[in-house]
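Worksheet: one structure, shown below.
The values are calculated or read from the model by the stated rules, or taken from the named source; none is laboratory data. The model shown is predicted, which means the values in this text are computed figures rather than measured ones. Positions of Cβ are backbone-derived with ideal geometry, glycine not excepted, and every protein chain shown enters the neighbour counts. Surface accessibility is based on the protein's heavy atoms, side chains included, excluding ligands, DNA and RNA. Shrake-Rupley method; radii C 1.70, N 1.55, O 1.52, S 1.80 Å.
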Amino acid sequence: MTPNLPNVTKNEVQTEVEPEQAQVRPQQVQRGGLRRLALGAAVSMAVFMSLLIYYGIHSRVSAESRLQLTTEQASIPTVNVIHPQPGARTQEVVFPGNTQAFVDSPIYARTNGYLKRWYVDIGARVRKGDLLAEIETPELDQQLRQARAQLATAQANLNLSQITAERNENLLKTRSISTQERDNAVNSYAANKATVQSNEANVARLEQLQSFEKIYAPFDGVITARNTDVGALIDAGASAPKELFHIAAIHELRVYVSIPETYSRLAHPGTMADLTLDEYPGQIFHGTLVRNSSSIDYSSRTLLVEVDVGNPNRELMPGSYVQVHFKLPAGASSVVVPSNALLFRREGLQVGVVRNGKAELIQVTPGHDYGASMEILSGVQAADAVILSPSDSLTSGTPVQIYQPAAAGGSRQ
């Protein structure tokens, strides 16, 4: 059975339902918008956090990379470099030398006695043959008189034996004496003749010794020492006789110079040399290299040479310290580097240069030592970047960076 329902039209039903739906839909729309907003905010937050994490990680990685790069750069030593200066085209080298008299001789006595008188003292200029001193020799004079007496006796015996030999020769012709007697007389004559000759030689020897009583200058020169005085005992036969005078010829001087092996090519006869002395500032004396020892000294690795210099005015004195200047041969090329760029190692003298960002040790040949700098004959050139004050631990192949000074108003790169 169908219940009795009120007659409600479709429009009425819709009219009753629509107000309720009209109340529900705005709330649903509002809730959906909130959800979408929340979802968008969550997505934005997630993106922001992702970006934040990314940039955080990226900045940390970049910082670590920069730190590693900075550490690597800091581990590469920074060096100061210079370019060698070319040597002068007309360069000269200077070596120390010592002057000596051209002839230097001590004077000794050749006879025994006592000094009777001396005539010259130190500083006296003498000529060859000038009398320097006299020696009193009473014993020698007595020996000479005795020798002369013996010579006279021998000559008398010779005369007698000569007469006897001649007489016996004539008697033998008449058979008055035997041949034996004649031979004895002839031999006696020959013996007496030899005795006379021996006594003559003895007298000549003693006369020669007596002539040494007077001491003469052996050459032109100046007396540099007098080591005796009147009454001094003169013992010429002693194992170490005493020097009476010292004489030196200073009209020309010898200058001996030790030239390093590197410059031995300069040491050929005829090379001109200039001499300077501290006591004559601004004055130059000219000399000529005359000879060398033709041998390198093992201990000093130098070549001894002799330079002769004229001294007509007696300005130079033996024993003086001089500086000898030699001109380098034409075409000799070299460079000069500071002394603090040199490395002294068992391999020899080295310098460090920078090539392609790395250090390289170069063996060099030294020239003249100027004190604060050194001449280098071979090994480096003027275009090379030579390291100043290199570390003792520096080795070839070590990466290095060249120091770049900061520009004005800027910072160092």
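Using a cut-off of 13 Å between beta-carbons, work out the net charge of the residues near P241 (Lys and Arg +1, Asp and Glu -1, P241 not included).
Details: positive: R110, K242; negative: D235, E243.
Local net charge: 0.
What is the distance in Å between the Cα centroid of region 166-232 and that of region 270-305? So the separation of the two Cα centres works out to 53 Å. Dividing the C-alpha radius of gyration of region 296-345 by 2.2 N^0.38 Å, with N its residue count, gives 1.77. Taking amide H atoms as placed 1.01 Å from N in the peptide plane, the amide H of A359 lies under 5 Å from those of G397, T398, V400, each 5 or more residues away in sequence or on another chain. Extending 7 Å from Cα along the Cβ direction at R205 and again at A236 yields two label points whose distance is 1.3 nm. Taking all protein chains together and rolling a 1.4 Å probe, K173 ends up with roughly 150 Å² accessible. For S378, nonlocal amide neighbours, meaning residues 5 or more places apart or on other chains whose placed amide H falls under 5 Å from its own, are T365. Among the protein heavy atoms, those of H268 account for about 100 Å² of accessible surface (1.4 Å probe, every chain in place). When only Cα pairs below 8 angstrom with a gap of at least 6 residues are kept, region 152-267 shows a relative contact order of 20 percent. For D183, the solvent-accessible surface with a 1.4 Å probe is about 60 Å², rounded to the nearest 10.
What percent do you get for the relative contact order of region 89-159 when only Cα pairs under 8 Å and 6+ apart count?
Computed value for region 89-159: 27 percent relative contact order.
For I215, I284, the ranking by accessible surface with the largest value first comes to I284, I215, using a 1.4 Å probe.
Near L253, once Lys and Arg are set to +1 and Asp and Glu to -1 for all other residues with Cβ below 12 Å from its Cβ, the sum equals -3. Our summary gives region 223-348 a relative contact order of 25 percent, counting only alpha carbon pairs under 8 angstrom and 6 or more residues apart.
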